[in-house]
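Engineer: Structure incoming, see below.
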Amino acid sequence: MTLAKDFQEVLDSLPEDWTDLEFDLRIDDETRYIDAAVHMSSINGQPYSRADWHWRVLVASSFGRAAAPQTVLGILSRLDREGFAGELQLREVREGRSEIVQMWGRPESVREEFRQRRAI
């Protein structure tokens, strides 16, 4: 199975209120590590040193300091097209949290939209 399909299966299995997740990625051919690292930098893949896994990737559902799931899916699809084989391991999924934003001085329409988008 390809990396993109594996990641899509993870996304499909998540609960509706997931906020962020972490997964590890390992490529099979370590001689192509530098080539893969160029792509992984687009989604801020954090390299491991001296570990069985090559990168840790943080993914955010709708807000936060992590890569968007659509972007991660695109990068993994690109790795698949370029012939990279590997393995994903889901490490952690967080759900049910909402962003805290200062709403003082904002119009009611903005407050209402915020409540609708981030309702738990």
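The values are calculated or read from the model by the stated rules, or taken from the named source; none is laboratory data. Note that the structure is a prediction, hence the values are computed from the model and not measured. In this analysis, Cβ positions are derived from the backbone assuming ideal geometry, glycine residues included, and neighbour counts consider all displayed protein chains.
One line per residue, one yes/no per condition, for (1) more than 19 Å from residue 25 (Cβ to Cβ); (2) hydrophobic (A, V, I, L, M, F, W, C); (3) within 21 Å of the chain's Cα centre (by Cα):
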position	(1), (2), (3)
56	no, no, yes
70	no, no, yes
77	no, no, yes
85	no, yes, yes
95	yes, no, yes
105	yes, no, no
114	yes, yes, no
117	yes, no, yes
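Engineer: Restricting the range 91-120 to residues that are hydrophobic (A, V, I, L, M, F, W, C) and surrounded by 15 or more Cβ atoms within 10 Å (Cβ to Cβ), which is modelled with the lowest pLDDT?
Structural biologist: The extreme case among them is 114.
Engineer: A further question on this structure: Looking for whichever is crowded, with 17+ Cβ neighbours inside 10 Å, in contact with a strand residue (DSSP E or B) (Cβ under 8 Å, 6 or more places away or on another chain), aromatic (Phe, Trp, Tyr) and modelled with pLDDT under 90 here; the options are 18, 55. Which one fits?
Structural biologist: So the residue among 18, 55 that is crowded, with 17+ Cβ neighbours inside 10 Å, in contact with a strand residue (DSSP E or B) (Cβ under 8 Å, 6 or more places away or on another chain), aromatic (Phe, Trp, Tyr) and modelled with pLDDT under 90 is 18.
Engineer: Can you name the residue in the range 21-33 that is among the acidic types (Asp, Glu) and in contact with a Gly (Cβ under 9 Å, 6 or more places away or on another chain) and, of all such residues, is surrounded by the fewest Cβ atoms within 10 Å (Cβ to Cβ)?
Structural biologist: Among those that are among the acidic types (Asp, Glu) and in contact with a Gly (Cβ under 9 Å, 6 or more places away or on another chain), it is 28.
Engineer: Can you tell which of 77, 62 is hydroxyl-bearing (Ser, Thr, Tyr) and under 30 Å from residue 115 (Cβ atoms)?
Structural biologist: On inspection, the qualifying residue turns out to be 62.
Engineer: Next question, about the same structure. Just one of the numbered conditions (1) assigned to a strand (DSSP E or B); (2) touching an Asp or Glu at 6+ places or on another chain (Cβ under 6 Å) is not true of residue 23; which one?
Structural biologist: Here residue 23 meets the rest and fails (2).
Engineer: Something else: Report, by residue number, each residue of the range 36-53 that is assigned to a loop (DSSP other than H, G, I, E, B) and farther than 22 Å from residue 70 by Cβ.
Structural biologist: Matches in the range 36-53: 48, 49, 50, 51, 52, 53.
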